[in-house]
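Enquirer: I have a structure here, written as structure tokens, and I will follow up with some questions on it.
The values are calculated or read from the model by the stated rules, or taken from the named source; none is laboratory data. The shown structure was predicted, so the numbers you read here are calculated from the model rather than taken from an experiment. Positions of Cβ are backbone-derived with ideal geometry, glycine not excepted, and every protein chain shown enters the neighbour counts.
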Amino acid sequence: MPAVTDRYDPLDATILRDPYPVLAELRSSNPVFWHAGMGSWALTRYADCVAVLRDHATFARDPRRTGGTVAEPSLSVQSLDPPQQGRIRSLFMTALHAQDLTAVESRARRLVLGRLEDLADGDVFDVVSEIAVPLSVAVVADLLGVEPPPYAEFAAVSDAIMRSMDGGLDPSVVDPGRIARQQLSDLVESWFAAAPRPGLLARVRANANGVDALARLYVKNTARVMFQGGYSTMAAAAGNAVHTLLTHPEALHQMRDQELLATGVDELVRFDGPVQGTTRIAVRGCRIGDVDIRPGQKVVPLFAAANHDPDAFTRPSQLVLDRTPNRHLGYGWGPHSCIGTTVAQAGLRALVTALNEYPAHLVAAGEGVRRRAATMRAFDTLPAALHR
């Protein structure tokens with residue numbers, strides 16, 4: 001077994017602020033390393049990460065394939081592997097493709113413009129609570145066709161769920177996450193009990209008629225995962241994107257060009273993405289690089305490291321708005337990637353467009369505070385101001 005490294009503590013303040021130098025060093029010196037806190041092998045090379053995510057036969061997302069269990073509230077499209085997940089994922093993807101994302105994006109742009117108008121008195125405000133959270137809640141609710149919950153209340157519920165994903169590193173976050181997940185499940189249950197409104201959820205409900213009780217459970221839990229996961233990913237991506245644009249002010253102006261806007265929102269996610277990694281379990285023994293992986297061992301592809309791998313991306317530490325192709329892992333990869341990737345991209349385009357359209361320009365107003373979380377890279381607070 002290669003040397004265990006203690007160089008990477010994802011909850012350390014220095015790494016929360018900027019994980020990329022340490023990840024680059026590990027990618028060069030110890031690209032596949034054992035992380036005791038996560039109880040898993042961690043992967044830092046793009047090629048290794050993609051190989052694991054593609055190989056469903058060898059690497060399971062579903063722990064039941066290796067003798068584990070999945071709690072009933074966690075039975076969703078994200079807990080199934082192909083081909084078992086195909087029916088549920090297809091149900092949601094078909095409903096997603098039927099939605100008018102152009103209209104969703106337009107409404108999101110108007111929402112951001114309205115928020116900016118409310119904040120344009122020159123005072124310092126928090127980008128996360130005033131822009132990223134409202135934008136993300138509104139976009140996902142608009143897509144699903146449900147009444148958006150109160151922004152601050154839902155942000156607190158989502159934050160508890162996201163923090164609980166780091167339970168292996170910090171056991172104190174597990175129970176609050178369980179309670180928050182039940183609160184969200186109750187909210188989703190109320191959507192299914194109410195008369196359907198136009199949107200993705202109504203189409204899913206209509207197409208799911210006649211499915212058995214277990215499939216209905218997967219559908220409801222997937223709706224919960226899509227709402228919470230879509231929101232948390234978009235809110236984190238929006239905060240990271242605004243921070244990047246505040247530190248690269250020329251990039252915002254350049255993205256007035258529609259072609260650069262289209263490629264630029266993807267580059268913002270590659271450059272400083274929200275999702276930091278995901279876990280797989282080895283179904284059988286295999287080898288990654290110089291490491292022998294035993295059956296039952298966990299493997300964590302570190303997206304943050306992969307997205308800055310110079311073997312996959314030229315000038316990885318630079319923001320290259322016209323980068324093409326840009327096959328980053330910011331939303332995951334393949335059948336377990338974020339279902340709402342196209343929606344998140346629409347939300348980011350709406351955000352950037354609104355910032356460029358508004359007559360006052362956004363400026364930094366101090367240091368942001370990074371959320372103490374390993375799975376999702378996000379800001380707790382990000383102070384800014386609007387200057388005319």
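Enquirer: Right, Val133: under 15 Å from Ala344 (Cβ atoms) and not charged (D, E, K, R) or not?
Expert: Answer is yes for this residue.
Enquirer: Can you tell me which of (1) surrounded by 19 or more Cβ atoms within 10 Å (Cβ to Cβ); (2) out of contact with any Lys or Arg (no Cβ under 6 Å at 6 or more places or on another chain); (3) among the aliphatic types (A, V, I, L, M) is the one Val363 doesn't meet?
Expert: (1)
Enquirer: Counting just the residues of the range 294-311 that are within 16 Å of Ser28 (Cα to Cα) and over 21 Å from the mean Cα position of the chain (by Cα), which one comes out surrounded by the fewest Cβ atoms within 10 Å (Cβ to Cβ)?
Expert: Per the criteria, the residue is Asp311.
Enquirer: Restrict the check to the range 275-286 and report whether at least one residue is among the basic types (Lys, Arg) and outside any loop (DSSP other than H, G, I, E, B).
Expert: yes
Residues are listed down the side, and each one gets a yes or a no for (1) more than 26 Å from Pro359 (Cα to Cα); (2) in contact with a helix residue (DSSP H, G or I) (Cβ under 9 Å, 6 or more places away or on another chain):
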site: Asp266; (1), (2): no, yes
site: Gln276; (1), (2): yes, yes
site: Gly285; (1), (2): yes, no
site: Gly289; (1), (2): yes, yes
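Enquirer: Which one of these is buried (at least 17 other Cβ atoms within 10 Å of the Cβ) and farther than 23 Å from Tyr358 by Cβ: Leu135, Leu144, Leu119, Leu111?
Expert: Leu144
Enquirer: Looking only at residues that are hydrophobic (A, V, I, L, M, F, W, C) and crowded, with 16+ Cβ neighbours inside 10 Å in the range 147-163, which one is nearest to Arg197 (Cα to Cα)?
Expert: By that ranking, first place goes to Phe154.
Enquirer: Show the residue pairs that are 6+ apart or on different chains and have beta-carbon atoms under 8 Å apart, the first residue being within the range 263-283 and under 30 Å from Pro295 (Cα atoms), the second being among the β-branched types (Val, Ile, Thr) and in a loop (DSSP other than H, G, I, E, B).
Expert: That search, which allows pairs on different chains as well, returns Val275/Thr375; Gln276/Thr375; Gly277/Thr375; Ala282/Thr58; Val283/Thr58.
Enquirer: Mind telling me which of the residues Ser232, Ser164 ends up being in contact (Cβ under 8 Å) with a residue 12 or more places away in the chain and touching a strand residue (DSSP E or B) at 6+ places or on another chain (Cβ under 8 Å)?
Expert: Exactly one residue qualifies, and that residue is Ser232.
Enquirer: Something else: Quick check on the range 201-215. Is at least one of its residues at pLDDT 95 or above, in contact with a Ser or Thr (Cβ under 8 Å, 6 or more places away or on another chain) and surrounded by fewer than 22 Cβ atoms within 10 Å (Cβ to Cβ)?
Expert: Within the range 201-215, none of the residues are at pLDDT 95 or above, in contact with a Ser or Thr (Cβ under 8 Å, 6 or more places away or on another chain) and surrounded by fewer than 22 Cβ atoms within 10 Å (Cβ to Cβ).
Enquirer: Only one of these conditions is not met by Ala36: (1) surrounded by 16 or more Cβ atoms within 10 Å (Cβ to Cβ); (2) hydrophobic (A, V, I, L, M, F, W, C); (3) over 25 Å from Cys338 (Cβ atoms). Which number is it?
Expert: Among (1) surrounded by 16 or more Cβ atoms within 10 Å (Cβ to Cβ); (2) hydrophobic (A, V, I, L, M, F, W, C); (3) over 25 Å from Cys338 (Cβ atoms), the lone unmet condition for Ala36 is (1).
Enquirer: Restricting attention to the range 122-132, report how many residues are modelled with pLDDT of 95 or more and either surrounded by fewer than 20 Cβ atoms within 10 Å (Cβ to Cβ) or not hydrophobic (A, V, I, L, M, F, W, C) (or both).
Expert: Number satisfying all stated conditions: 4.
Enquirer: Quick check: anything in the range 321-330 β-branched (Val, Ile, Thr), part of a loop (DSSP other than H, G, I, E, B) and surrounded by fewer than 18 Cβ atoms within 10 Å (Cβ to Cβ)?
Expert: Yes.
Enquirer: Looking only at the range 30-66, how many residues end up being on the phi > 0 side of the Ramachandran plot and basic (Lys, Arg)?
Expert: 0
Enquirer: Next question, about the same structure. Which residue, of Ala251, Ala237, is buried (at least 22 other Cβ atoms within 10 Å of the Cβ), hydrophobic (A, V, I, L, M, F, W, C), more than 25 Å from Arg87 (Cβ to Cβ) and in contact (Cβ under 8 Å) with a residue 24 or more places away in the chain?
Expert: Criteria check complete, one pass: Ala237.
Enquirer: Filter the range 351-370 for residues that are assigned to a strand (DSSP E or B) and more than 23 Å from the chain's Cα centre (by Cα); which is farthest from Ala237 (Cα to Cα)?
Expert: His361
Enquirer: Determine if the range 67-81 includes at least one residue that is touching a helix residue (DSSP H, G or I) at 6+ places or on another chain (Cβ under 9 Å), surrounded by 14 or more Cβ atoms within 10 Å (Cβ to Cβ) and farther than 30 Å from Ala206 by Cα.
Expert: No, every residue in the range 67-81 fails to be touching a helix residue (DSSP H, G or I) at 6+ places or on another chain (Cβ under 9 Å), surrounded by 14 or more Cβ atoms within 10 Å (Cβ to Cβ) and farther than 30 Å from Ala206 by Cα.
Enquirer: So which helices (runs of 4 or more DSSP H) are wholly in the range 1-79 and hold at least 1 residues that are at pLDDT below 90 and of a type outside the set (Asp, Glu)?
Expert: none
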